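Note sheet for the following structure.
The numbers here are math on the coordinates, done by the rules we state, and not lab data. No experiment lies behind these values; they were computed from the predicted model shown. Positions of Cβ are backbone-derived with ideal geometry, glycine not excepted, and every protein chain shown enters the neighbour counts.
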């Protein structure tokens, strides 16, 4: 995994940490149901949310592919050590 992939992974990890904190706050009732409903009511018709979702999806696919590539390198390296 190269430097750009590591930077993307770091940003993605921070984003997922923020989402996790928001989920916890929602489940504890700190963020009210009306606020959540009001936010979700603004999503339909806003193309910005669609673009954000597509970007997150592409980043996820990119990191998955980068991780699979590193796994193959790791497996090849381990086979060489056992010979």
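One residue stands out among those in region 43-64 that are surrounded by 10 or more Cβ atoms within 10 Å (Cβ to Cβ) and part of a loop (DSSP other than H, G, I, E, B): the one that is farthest from the chain's Cα centre (by Cα), which is 46.
Among the residues of region 12-31, write down those that are touching a helix residue (DSSP H, G or I) at 6+ places or on another chain (Cβ under 8 Å) and part of a helix (DSSP H, G or I). Hits for region 12-31 are 12, 15, 26. Screening residue 13 on (1) on the phi > 0 side of the Ramachandran plot; (2) within 20 Å of the chain's Cα centre (by Cα) shows it passes everything except condition (1).
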